[in-house]
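The values are calculated or read from the model by the stated rules, or taken from the named source; none is laboratory data. Computed from a predicted structure; not experimentally measured. Backbone-built Cβ (ideal geometry, glycine too); neighbour counts: all protein chains shown.
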Amino acid sequence: MPNLKDLRVRIDSVKSTQKITSAMKMVAAAKLRRAQEQAEAARPYSERMDRMLGSLSEGLPTGAGGPELLAGNGKDDVHLLVVMTSDRGLCGGFNSSIVRGALKIIRGLLDDGKDVKVLCVGRKGRDILRRDFRSLILDTFEDLGRKRLSFADATTVGDRILSMFEADEFDVCTIIYNRFQSAMTQIVTPQQLIPFRASDVDQANDTGDDVSEATQDGSQKAVYEFEPDEQEILEDLLPRNLSVQLFRALLENAASEQGARMTAMDNATRNAGEMIDDLTVTYNRTRQAFITKELIEIISGAEAL
Amino acid sequence: MADTVEFELVAPEELLFSEPVELVVVPGAEGDFGVLPGHSPLISTLRTGVISVYENDAVNRRIFVSGGFAKVTPERCTVLADEAVALESANRGDVEERVNAARAVLDAAADDDKENAAAALAISEALLLALDTARQA
């Protein structure tokens, strides 16, 4: 028969765990809202950047000859993978699903005989990846956007990638992050940054206005003047674009993290509630059994006299 | 022809400004240019400087940009700024603080970072100058 005191202690500890998880859920919900607002606010810039890049690259000869960031350096041997995870745990399957996606890509590339290098953003991803591919990890960015994610954070990562590209340390760069769909669902998304490919994400995200405007622009086939010249603008614009794409991924990732944490903590709170109910029932039954047993003892003692 | 041009100013973190204006003067890399309705299509890089928005033949608003890109079509002028500060609402004390902070960073910077730190200082000084000029005008 379970001990009454043990049960009481157990119920208390589950109750305090429940308090923690429900508080974490509230915090995650507030942070999620902030992260979503921020992602919303940043969207116009990246949309316009995409459009400007579109107008610019229309006039350029495709394939070789263009800037290396756009056309690639003609090789495909060394891949750089930027794995974006969170710094903190307790967010359900958030980190493990990114890492699973990353591992699949890494294994696939290694099987094809390519070289792989990994840059980690966020402590958790590094911790898991280190088990299998310690030698591949070049560096980790930690504590990005601890208070509030700023564009400067994205530029830090972007500059690092650019300087590596200029030093010819890799040929193809891909980022892998969680795209935010809803608080319940996050989609692991690999996106190739160098050579740059307009992502499918943009097209999916385009609102009605943008589409109509895009077609307007297209039908006009406006011939732009360039100041200074096309090549020079592109050379400025492309590194900038890299940071913009990174910033967008970081924002999506931050929103996803909070969403995942909110869901995970909601589940945990509910599970704790169920557990408390079960334990309370057991506790009451046991208590009653004890009382009955004691009564029987007293009565049978009285009868024996 | 419409007598206004749609002016949009976007910083990486948010959309700052989007409304029809009569004339906007943008600091292009090769010289300032004014955008009136019906401007020929143009894509330009920006240098550090001040964007002036005109209304009723007078400057209505001044916005400092540290650099960026501008795309002009006959109906629309879109500016992608690296960083943008509205001069009307900027606080001189904050800006001075920023200049001093940038100077301190430059002094402490290792040789590799000197270039970036110097650029940051130049931008903050330009902002201070722009602020003072705007106050006098």
Among the residues of the range B:44-78, which ones are of a type in the set (Val, Ile, Thr) and either within 9 Å of chain A (Cβ to nearest Cβ) or over 21 Å from B:Ser124 (Cβ atoms) (or both)? B:Thr45, B:Val53, B:Val59, B:Val72, B:Thr73, B:Thr78
Residue pairs qualifying under the 6 Å Cβ cut-off, at least six apart or on distinct chains, with the first in the range B:39-51 being hydroxyl-bearing (Ser, Thr, Tyr) and the second being modelled with pLDDT of 90 or more and assigned to a strand (DSSP E or B), are B:Ser44/B:Gly28; B:Ser44/B:Ala70; B:Thr45/B:Phe69
Every residue from the range B:77-97 that is of a type outside the set (Asp, Glu), surrounded by fewer than 19 Cβ atoms within 10 Å (Cβ to Cβ) and not in a loop (DSSP other than H, G, I, E, B): B:Ala86, B:Arg92, B:Gly93
I'm trying to understand the selection: among the residues of the range B:25-43, which are at the interface with another protein chain (Cβ under 9 Å from one of its Cβ atoms), assigned to a strand (DSSP E or B) and either surrounded by fewer than 18 Cβ atoms within 10 Å (Cβ to Cβ) or under 15 Å from the mean Cα position of the chain (by Cα) (or both)? B:Gly28, B:Gly31, B:Phe33
Exactly one of (1) more than 26 Å from the chain's Cα centre (by Cα); (2) surrounded by 13 or more Cβ atoms within 10 Å (Cβ to Cβ); (3) away from chain B (no Cβ under 14 Å) is unmet by A:Leu80. Its number? (1)
Can you tell me which residue in the range A:160-188 is nearest to the chain's Cα centre (by Cα), limited to those that are closer than 28 Å to A:Pro67 by Cα and free of Cβ contacts under 8 Å to residues at least 60 places away in the same chain? A:Arg160
Being in contact (Cβ under 8 Å) with a residue 40 or more places away in the chain, in contact with a Leu (Cβ under 6 Å, 6 or more places away or on another chain) and part of a strand (DSSP E or B) is the requirement here; does B:Phe69 meet it? no
Identify the residue in the range B:3-14 that is part of a strand (DSSP E or B) and β-branched (Val, Ile, Thr) and, among all such residues, is farthest from B:Val85 (Cα to Cα). B:Val5
Being small (Gly, Ala, Ser), more than 9 Å from chain A (Cβ to nearest Cβ) and under 25 Å from A:Glu37 (Cα atoms) is true for just one of B:Ala90, B:Ala101. Which residue is that? B:Ala90
Name the residues in the range B:15-24 that are away from every other protein chain (no Cβ under 12 Å) and assigned to a strand (DSSP E or B), would you? B:Glu19, B:Pro20, B:Val21, B:Leu23, B:Val24
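So that you can scan it fast, the table gives a plain yes or no per residue for (1) farther than 30 Å from B:Glu30 by Cβ; (2) modelled with pLDDT under 85; (3) away from chain B (no Cβ under 14 Å); (4) surrounded by 14 or more Cβ atoms within 10 Å (Cβ to Cβ):
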residue	(1), (2), (3), (4)
A:Phe151	no, no, no, yes
A:Gly158	no, no, no, yes
A:Thr174	yes, no, yes, yes
A:Val188	yes, no, yes, yes
A:Ser212	yes, yes, no, no
A:Val223	no, yes, no, no
Hey, any hits in the range A:13-34 for a residue that's within 14 Å of chain B (Cβ to nearest Cβ) and modelled with pLDDT of 90 or more? yes
Every residue in the range A:87-121 that is farther than 22 Å from A:Leu246 by Cα and among the polar types (S, T, N, Q), please. none
Could you please let me know if A:Ser256 is small (Gly, Ala, Ser) and crowded, with 18+ Cβ neighbours inside 10 Å? yes
Can you name every residue in the range A:117-133 that is buried (at least 19 other Cβ atoms within 10 Å of the Cβ) and within 14 Å of the chain's Cα centre (by Cα)? A:Cys120, A:Val121, A:Gly122, A:Lys124, A:Gly125, A:Arg126
Residue check for B:Pro12: facing chain A (nearest Cβ under 8 Å) and in contact with a helix residue (DSSP H, G or I) (Cβ under 6 Å, 6 or more places away or on another chain): yes
